[in-house]
1. Would you mind working out the magnitude of the charge dipole of the stretch 154-249 relative to its Cα centre, with +1 at each Lys and Arg C-beta and -1 at each Asp and Glu C-beta, to the nearest 20 Debye?
2. Would you mind calculating the gained length between Glu50 and Asn111 on full extension (0.36 nm times residue separation, minus the Cα-Cα distance), in nm to one decimal?
3. Any chance you could look up the accessible area of Arg260 with a 1.4 Å probe, heavy atoms only, rounded to 10 Å²?
4. GNM on the chain, C-alpha springs below 10 Å: top fluctuator among Gly232, Gly146, Gly250?
5. Which label marks the calculated value of percent of Cα pairs over 31 Å apart, given the options (1) 19; (2) 31; (3) 26?
6. Have a look at the DSSP beta bridges in the chain and tell me what percent are antiparallel, nearest 5.
7. Under a Cβ-Cβ cut-off of 13 Å, what is the net charge of the residues other than Lys188 that fall near it, where Lys and Arg count +1 and Asp and Glu count -1?
8. Using a 10 angstrom cutoff on alpha carbons, build the Gaussian network for the chain and name the most mobile of Ala254, Ala76, Ala17.
Amino acid sequence: MTDAAFVPGHVTAFFSAHPDDDPTKAGSRGAGVTLADGVTVRLEAGDGLELNGEELEIEAVDRVLGALRANARVVAETDLPLGSGFGVSGALALGTALVANRVFDRQLSENELVTIAHGAEVQAGTGLGDVVGQARGGFPVRLEPGAPAHGAMDGIPDRRQIEYVTFGELSTEDVLGGDTEELSAAGKQALSQLVAEPTLETMMAASRRFAREADLLTPRLEEAIRDVSEAGGDASMAMLGETVFALDTGLSDAGYDAERCEVCLPGAHVR
């Protein structure tokens, strides 16, 4: 099975959670950025999931394989850290859907495959909006929650380099499984601010305010964001991970040993 898919990493700048009994209607509103650093997925004969040579169990991937009636082993590679706000589980689900559709000749459209992967992520409790953002590419803005048939997307028309540094993991399941009312109120306000002025600078400012009001910042995140600001840069927290991302060379200018990459304009695709 030689076909492979590339799915960009996705950093969420802010979001509001919108649960629904129908996983294709559930999701989030918000904004973020897709990264040229991402996940490459291919299939082999067998079963299970291998990421960077290690065996893993990710429920969303299993759900995608079941939905597509695909018996295969998923083999994936990424330079992105797990559990740090880069949407790796969503990328694995979407990449699996794209490749399985090709390998097993399921003849489904992009929107149908995104719907399957999005629904799998929602049911697994590991994400609400990464998949639809990764499918679109660029700086996606999720105006309405849900898979393509229900959600509405826009974007910020820009192209910049992104830097990021990760200090550790945060549990997406713990945050999404708790009381999200205060978080969602902050996310709705942030989206209104961005829709009124759809620029990267507005997104970053709204993201910082969201992180403070949703009480998501750790001391290390606060320090790094402040350091970037004092160095004249623009940074915020990646939701949901103990990760700081910045525009251009913001983190490097502040003295951090940061990873740097381009924005992924094409979005997820089969290679």
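The values are calculated or read from the model by the stated rules, or taken from the named source; none is laboratory data. Predicted, not measured: the structure shown is a model, and the values here were computed from it. All Cβ positions, glycine included, derive from the backbone under ideal geometry; neighbour counts span all protein chains shown. Surface accessibility is based on the protein's heavy atoms, side chains included, excluding ligands, DNA and RNA. Shrake-Rupley method; radii C 1.70, N 1.55, O 1.52, S 1.80 Å.
1. 260 debye
2. Taking Glu50 through Asn111 to full extension adds about 19.4 nm, to one decimal.
3. Around 120 Å² of this residue is reachable by solvent.
4. The residue with the greatest mean-square fluctuation here is Gly232.
5. Read-out from the structure maps to (1).
6. Counting only bridges with both partners in the chain, antiparallel ones make up about 95 percent.
7. My count for the surroundings of Lys188 gives -1.
8. Comparing Ala254, Ala76, Ala17 in a Gaussian network model of the chain, the most mobile one is Ala254.
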